[in-house]
Amino acid sequence: LVYMVNKSYITFNGLSFTGANGQAFYLGNVSNLKIQNCEFLFNYNVILGKQFGGSSSNFSIDNCLFNQTNNNGIELPSEFAGAIITNNVIKNTGMIEGLAGSGQSRWGISLTGNNYLVQYNKVDSTGYVAIGLNGSNLLCKNNIVNYFCSIADDGGGIYTGNPQTGVVISDNIVLNGIGNNGGTNSSNSGAAYGIYCDDNSSGMTILNNSVANMINAAIFLHNSKDISVR
């Protein structure tokens, strides 16, 4: 619905985007782009950032509603380092069997890169990972996550992976990790973890979070090191 490459100083405010078969927003090499007070309904992907070899600086998404997304809500690569994602409601993401893509799919928020701020978001009813972080100097704070891993298995409400430094996950509420091993030969009840630090996660602080109603662990440190949980 919106294709933006090599653009600067544009604000989208108070608009509704409905029915994208690909992406509501396809972005790359943008600067000073703001998406605020918008709603995104019945799209395949909503915000998809791509690597174009530049730096997409000063990007923000604030106070938007995402509902009934078949695949991913927000997916940003390292080019978007420093983006600010605040006050959004992201619900019903990847919740319909067979309508998501292959590979990384059914994520509410998926961020790769450094210096992101993810704060005051509500991510409710996600097929796989609600908030995914992969980078350094990230702050994920004051978010509410509810019902995740409802379709795909072995994920987290807040999920991280790979070597990192300066990552803080604090003051979040994470509820109802469902887990779903349907279609597999597993005899377990499913794998869903509140805060999931996957292979090689390091240099993180997990502080003052509330986690409840997980099919597995509240906090799962998997092949991780140098992590403080308080």
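The values are calculated or read from the model by the stated rules, or taken from the named source; none is laboratory data. Values in this document were obtained by computation on a predicted structure and should not be read as measured data. Please note: Cβ atoms are built from the backbone with ideal geometry, for glycine as well, and neighbour counts cover all protein chains shown. Protein only, heavy atoms only, side chains kept; ligands, DNA and RNA dropped before computing areas. Shrake-Rupley method; radii C 1.70, N 1.55, O 1.52, S 1.80 Å.
I'd like to compare 204-212, 30-38: which one has the highest average count of other Cβ atoms within 10 Å, and what's the full order after that?
So the order, starting with the most tightly packed, is 30-38, 204-212.
Taking a Cβ cut-off of under 13 Å around residue 64, the surrounding Lys, Arg, Asp and Glu residues balance to a net charge of +1, with basic ones at +1 and acidic ones at -1.
Within the shell of other residues whose beta carbon sits under 13 angstrom from the beta carbon of residue 33, the net charge comes to 0, with Lys and Arg scored +1 and Asp and Glu -1.
Over the chain, what is the mean sequence separation of C-alpha contacts under 8 Å (at least six apart), divided by residue count, expressed as relative contact order in percent?
Values: 811 pairs, mean separation 26.7, N = 230.
12 percent.
Working from Cα pairs under 8 Å separated by at least six residues, relative contact order for region 1-114 is 22 percent. The gain in end-to-end length when the residue 99 to residue 185 segment is fully stretched comes to 28.7 nm, 0.36 nm per residue minus the alpha carbon separation.
Excluding residue 5 itself, what net charge comes from residues whose Cβ is under 13 Å from its Cβ, given Lys and Arg +1 and Asp and Glu -1?
Net charge in that neighbourhood comes out at +1.
Bridging of residue 34 to aspartates and glutamates at a Cα separation below 17 Å is possible for 62, 75, 79, once same-chain residues fewer than 8 apart are set aside. Under 5 Å between amide hydrogens, built in the peptide plane, is the criterion, and for residue 58 it picks out 32 among residues at least 5 positions away or on other chains.
When DSSP beta bridges are restricted to pairs lying wholly in the chain, around 0% turn out antiparallel.
The dipole here belongs to the chain: it is taken about the Cα centre, uses +1 on the Cβ of Lys and Arg and -1 on the Cβ of Asp and Glu, and is about 340 debye.
Find the relative contact order for region 118-230 and round it to a whole percent, using C-alpha pairs within less than 8 Å whose residues are 6+ positions apart.
Result for region 118-230 is 24 percent.
Taking square-rooted eigenvalues a ≥ b ≥ c of the alpha carbon gyration tensor, is region 147-230 rounded, prolate or oblate, where a/c under 1.5 means rounded and, failing that, a/b exceeding b/c means prolate? Since a/c reaches 1.5 but b/c is at least a/b, the shape of region 147-230 is classed as oblate. Percent of Cα pairs in the chain per distance bin of 5 Å, from zero to the largest separation: 1, 7, 15, 20, 21, 17, 11, 6, 2, 0, 0. Rolling a 1.4 Å probe over the heavy atoms of the protein chains gives the chain an accessible area of 42 Å² per residue.
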